[in-house]
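All remarks here apply to the structure that follows.
The values are calculated or read from the model by the stated rules, or taken from the named source; none is laboratory data. Quick caveat, the model's predicted, so the values are computed rather than measured. Methodologically, a virtual Cβ is constructed for each residue, glycine included, from the backbone with ideal geometry; neighbour enumeration extends over all protein chains shown. For accessibility, only protein heavy atoms count, side chains too; no ligands or nucleic acids. Shrake-Rupley method; radii C 1.70, N 1.55, O 1.52, S 1.80 Å.
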Amino acid sequence: GNSVTQMEGPVTLSEEAFLTINCTYTATGYPSLFWYVQYPGEGLQLLLKATKADDKGSNKGFEATYRKETTSFHLEKGSVQVSDSAVYFCALSEPPQGGSEKLVFGKGMKLTVNP
Amino acid sequence: DAGITQSPRHKVTETGTPVTLRCHQTENHRYMYWYRQDPGHGLRLIHYSYGVKDTDKGEVSDGYSVSRSKTEDFLLTLESATSSQTSVYFCAISSGRDEQYFGPGTRLTVT
């Protein structure tokens, strides 16, 4: 079945450091790919997405490119801030079955950014 | 922010008791989902709904049932709570165009 594998951490960085969170996937067909972020005590929020190969999603200084040849969707940010401390989830969408598209999530990676 | 609320936000209950969690949306989205979040497992789908009275099982549905009698409400019931069901439960909604929007979560502790 479809699956997502991502770095699990936890990871601690200093402010202004470069961030990469690796995500690879296994899927049939051509799923959409997502990064969700969960701030402490909150639900998940969509950070960015890409719907086809070579698409780049971007938001809040974060970027990820849909790489079909390497089945990857790595998340990057050039300079992290303390406010980026959160848990990051990579996810893919499965084709509709039983009337609904479903998301498959990685296990999440906790990032702490220190001043 | 998508209009999704969950109630209660926190609950402590004893093993063997029934528990119902409620998800309420004001977005009129067709699709609704229940997930549980546990350390080392990420989010796992419990049940989902693709319309009023239309529901189906996810990957971890054993011990859970759901009901959707109105577009805006999706209920998750633990018929007889067990300690393994201690978790954080998230509801999500979708219009069917890939993205899901999540509620704030319910922290359930079964003692």
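If you go through segment B:78-90 and keep only what is at pLDDT 95 or above and in contact with a Pro (Cβ under 9 Å, 6 or more places away or on another chain), you end up with B:LEU78, B:SER80, B:ALA81, B:PHE90. Taken over segment A:63-86, residues that are buried (at least 20 other Cβ atoms within 10 Å of the Cβ) and either under 27 Å from B:SER95 (Cα atoms) or free of Cβ contacts under 8 Å to residues at least 40 places away in the same chain (or both) amount to 5.
Conditions tested, residue by residue: (1) within 14 Å of the chain's Cα centre (by Cα); (2) more than 9 Å from chain B (Cβ to nearest Cβ); (3) hydrophobic (A, V, I, L, M, F, W, C).
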site: A:TYR30; (1), (2), (3): no, yes, no
site: A:PHE34; (1), (2), (3): yes, no, yes
site: A:GLN38; (1), (2), (3): yes, no, no
site: A:ALA64; (1), (2), (3): yes, yes, yes
site: A:GLU69; (1), (2), (3): no, yes, no
site: A:TYR88; (1), (2), (3): yes, yes, no
site: A:SER93; (1), (2), (3): yes, no, no
site: A:GLY106; (1), (2), (3): yes, no, no
site: A:THR112; (1), (2), (3): no, yes, no
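Filtered by the rule that a residue be assigned to a strand (DSSP E or B), hydrophobic (A, V, I, L, M, F, W, C) and under 14 Å from A:LYS107 (Cβ atoms), segment A:1-34 gives A:VAL4, A:VAL11, A:ILE21, A:CYS23. For A:ALA53, all conditions in the list (1) touching a Lys or Arg at 6+ places or on another chain (Cβ under 7 Å); (2) loosely packed, with under 15 Cβ neighbours inside 10 Å; (3) of a type outside the set (Lys, Arg); (4) in a strand (DSSP E or B) hold save one; what is the number of the exception? Only one criterion in (1) touching a Lys or Arg at 6+ places or on another chain (Cβ under 7 Å); (2) loosely packed, with under 15 Cβ neighbours inside 10 Å; (3) of a type outside the set (Lys, Arg); (4) in a strand (DSSP E or B) is unmet by A:ALA53, namely (4). For segment B:1-20, the set of residues classified as out of contact with any Leu (no Cβ under 8 Å at 6 or more places or on another chain), open to solvent by 70 Å² or more (accessible area, probe 1.4 Å) and assigned to a loop (DSSP other than H, G, I, E, B) consists of B:ASP1, B:ARG9, B:GLU14, B:THR15, listed by residue number.
Per-residue answers, yes or no, for (1) among the aromatic types (Phe, Trp, Tyr); (2) more than 10 Å from chain B (Cβ to nearest Cβ); (3) in contact with a Phe, Trp or Tyr (Cβ under 7 Å, 6 or more places away or on another chain); (4) within 23 Å of B:SER87 (Cβ to Cβ):
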| residue | (1), (2), (3), (4) |
| --- | --- |
| A:PRO10 | no, yes, no, yes |
| A:GLU15 | no, yes, no, no |
| A:THR26 | no, yes, no, no |
| A:GLY41 | no, no, no, yes |
| A:ASP55 | no, yes, yes, no |
| A:GLY61 | no, yes, no, no |
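Being touching an Asp or Glu at 6+ places or on another chain (Cβ under 9 Å) and either exposed (fewer than 14 other Cβ atoms within 10 Å of the Cβ) or more than 12 Å from every other protein chain (Cβ to nearest Cβ) (or both) holds for only one residue in B:SER87, B:SER69, and it is B:SER87. With B:GLY40, B:GLY51 as the choices, which residue is open to solvent by less than 20 Å² (accessible area, probe 1.4 Å), within 12 Å of chain A (Cβ to nearest Cβ) and more than 16 Å from B:TYR101 (Cα to Cα)? None of the others qualify; the one that does is B:GLY51. Among the residues making up segment B:21-34, a single one is within 9 Å of chain A (Cβ to nearest Cβ) and in a loop (DSSP other than H, G, I, E, B): B:ARG30.
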